[in-house]
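J.: Below is one structure. I have some questions about it.
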Amino acid sequence: MKKNIIITGGLGYIGTELCKIYSGESWNCKITVIDNRFISERVNQLRNWNIEFIHGDILDKELMNKFLKEADIVHHLAGITDVPRIKSEENLEKDNKIKQVAEEGTQNILDAIRDNCKIIFPSSHVVFEGIRDIKNDILESEETNALFSYAKSKAFNEKQLIESKKNFIILRLGSVYGYSNDATRIDIMANLFSKIASQNGILKLFSGGRQIKSLVPLIDVARCFKFMEERKDITQSIFNLTKEKRTVKEVANICKEINPKISLRETNDEVPNLGFSLSNKKILKTGFKFLYNLEESIKEMILKWSKINLTKDLEYVKNGEGEYIDNRGKISNHELTEPINMIGLIDSKKGTIRANHYHPQQEQKCLFVKGQIIEVFQDLLNSNSPKITQVVNQGQLSVIKPNVAHTMVFSKDTTFLNLVRGEREHENYGITHTIKHVLVNEEEKNLLLKCYKFECRCCGNLNLKRVISLGYQPLANNLINKKNDKCNLYPLELNYCPKCHNCQLSVAVDSKEMFSNYLYTSSTSESFRKHFKEAALKYIKNFKLKSKKTYIIDIGSNDGIALKAFKDLGFKKILGVEPAKNLAKKANKEKIKTFNGYLESKNLKKIKKNADLILASNVFAHSDKLKEMAECMFQLLNKKGVIIIEVQYLLNTLRDLTFDNIYHEHFNYWSLTSLVNFFKQFDCTIYRAEKINTHGGSIRIYIKKGKKEKIEKNVKIFLQEEEKFGIKKYITYQNFAKKVYNIKENIINNLKKLKKQKKKLIEPH
């Protein structure tokens, strides 16, 4: 007759490993797993092992009677493990649930089984958590000292089993550690440290890591359950199941030895107690032998987790692969890296927030069927990781990796599918564990919704790709006046448009906030004074400009630096257009006529038209309303006039790594390729291009109305050079980002070395 073995909670951390052991015996034993969760890949695995799965709860008395009345062995692993560990985490509702499941559930099992059925139960070292002083080698006979609901429930279960007079074995587990595919408990210290170490993170050691822990390998725990099942001579006994005692710091040092890249950070934070240890003499006397050790287990965990990309690959999952389009519509495929067993349909209103949490163990996958969000996230395992944003549109898949804090800000009424692997039984519909982490508050939400740029300024494309994120930063030229003044922080991120090859920031801060009182004054720079003087002489010569007749407009004229060069050469008909009130005032004081305002349709009536020459030096980098500004320029220009635009050259930025040019004032980052694509929408021709030395490398383009102007050879050479460089390939921008991030990491590492050497950075006088 087949032995009838029941495993309650068989989909959990220990249960999964125990089922692996029993998989070799499932053909000559009847093995049944009962669990109130349904985790599809684990259930499928059980069925492949010929283990029966029952989706049920130990609180269901009728169910227990049905399946346990003929049981020979019950491994009673079911219970709530998502429990409070400190006073502030206590929750009456949750505490009551822990108590109910533990007490009523266990009693249901005891009532259902026969007297000769052996029940093996995992208690815990936490039944002694109320001990304040360090105590080593606690024996099984020691009186328990439970403090929180979970520990109290375990202590009560021990009493239940003893008083039942059944054939019981109680295994008081130390802190269980070890890798178990997707079932690994990350809230266990050794496992958490290993996962952080796999990502080169920082291990925080409260109270210097002096706390003592009794540790036991996961696989040895599963082995011991099987060992106790086989030992008919052992009954009605309690055993401490622990292999060794280590301090928290010792565990951290093991991680450090395996991966020297991690950092250990000791703090003076108080802890409830400095720990205790259990004696394992009694379990060893039974003949049970531990086969696994801490060092090897940590090494295994670090190795396996290091191969998993825990950071978010933003572009890989966005639109899927293998799109199919015909006259009926479009099919998009999204590859899922792991199975799902539940789909949640979620509606969200414009202007609301969801998430503000992270999942320690599992991915979150969301497929957006309607609407749009700003997704904000941050890798919590990397202390140097910036807070990053991205737009997710209809038809796109968002994948958030484990330990990545994330928030959804809804810019439109949105519907999405939450593709879940695991159970959804926790607050905030989390997966296995959902931990609150407020990444975006109401104030930040409003800022994002106000200034986020969802579409490409050049072509309107919504599917922009991230180039680089420099985190949240203050505005460059908005200096605070007082020590305690606060300033707004905005995402500083560069996005790339694969359609027209434009690059732009993810946000466009209100121009009035940045330019109404502008601090940067061009005339203070000798090199710029020289540059604009030489430019004026060049234009006069090339275009045969007449000092008395030629009408020149300078857009974004600053303090009049470019027009002053013409004024000094006798030109009278000059006009600056400058939005910064302080700079316009300064220019007018210097007799350089300047209109204070933006070049936009409503102001055209105030500006004299029919210009021979329109200058725009680095203005196209600063404008959020490019199309309107360009249209206004063409309206101000006469038929034979020329527009000359100077902008920082994107190719130089990418090649020379001049990422210091990326700041909030610079909305746009131009190549000649993107400029040509932008001006295609107007009846005009970019007929000449040349490199100039300003701003770390810039480009100057010449534009005339109509399509008749002959395009000079240098324009074609520029475009060919850009294509050869890879200006139309996203990988070029990704490689740029990698190099910048490497610079950042090198600087941080060097600063850490200097700090470790107790050296100071002193600003030279």
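J.: Along its three principal axes, how long is segment 514-730 when you only count alpha carbons? Whole Å, largest extent first please.
T.: Computed over the Cα atoms, the extents are 48, 39, 33 Å.
J.: What is the chain's relative contact order, in percent, from Cα pairs under 8 angstrom and six or more apart in sequence?
T.: Details: 1532 pairs, mean separation 57.1, N = 765.
Result for the chain is 7 percent.
J.: Then there's this: Any idea what % of Cα-Cα pairs in the chain are farther than 34 Å?
T.: Counting pairs separated by more than 34 Å, the tail of P(r) holds 60 percent.
J.: A further question follows. Return the sequence-ordered ³J(HN,Hα) values of segment 64-75 in whole Hz as given by the Karplus equation 6.51 cos²θ - 1.76 cosθ + 1.60 applied to θ = phi - 60°, using x for Gly and Pro.
T.: 3J(HN,Hα) across segment 64-75, in whole Hz: 4, 4, 5, 9, 9, 5, 10, 6, 8, 9, 10, 8.
J.: Taking every DSSP beta bridge that has both residues in the chain, what percent is antiparallel when rounded to the nearest 5? Walk me through the numbers on the way to the answer.
T.: Numbers: 69 of 127 bridges.
Approximately 55 percent, going by the DSSP bridge assignments.
J.: According to the Cα gyration tensor, what semi-axes, each the square root of 5 times an eigenvalue, does the equivalent ellipsoid of segment 3-306 have, listed from largest to smallest in whole Å?
T.: On the way: eigenvalues 195, 98, 69 Å².
That gives 31, 22, 19 Å for the three semi-axes.
J.: Could you work out how far helix 92-112 tilts from the main Cα principal axis of the chain, as a 0 to 90 degree angle to the nearest 10?
T.: Once rounded, the angle reads 40 degrees.
J.: Quick one: plug the Kirkwood hydrodynamic radius of segment 689-765 (C-alpha pairs) into Stokes-Einstein at 25 °C, 0.890 mPa s, and report D in µm²/s.
T.: 144 µm²/s
J.: Mind listing the long-range amide H neighbours of D413? Cut-off is under 5 Å, sequence gap 5 or more, other chains count too, H placed in the peptide plane at 1.01 Å from N.
T.: Close amide H contacts, sequence-distant or interchain: K350.
J.: Please get the size of the charge dipole for the chain, origin at its Cα centre, with Cβ charges of +1 on Lys and Arg and -1 on Asp and Glu, quoted in debye to the nearest 20. Please list the in-between numbers first.
T.: Numbers: 127 positive and 90 negative charges, 995 e Å.
For this selection, approximately 4780 debye.
J.: May I ask for the percentage of alpha-carbon pairs in segment 616-765 that lie more than 23 Å from each other? Intermediate results must be reported in sequence, preceding the final value.
T.: Numbers: 5276 of 11175 pairs.
Here the long-distance tail beyond 23 Å is 47 percent of all Cα pairs in segment 616-765.
J.: As a quick test, which of the pairs K567/K710; K724/K744; K512/K564; K94/K118; K69/K166 have an alpha carbon distance above 21 angstrom in this structure?
T.: Correct reply: K567/K710; K724/K744; K512/K564; K94/K118.
Laboratory data are not the source of any read-out in this text; all were calculated from the coordinates shown. Bear in mind the structure is a predicted one, so any value in this text is a computation, not a measurement. Cβ sites come from the backbone with ideal geometry, for glycine too, and all protein chains shown count toward neighbours.
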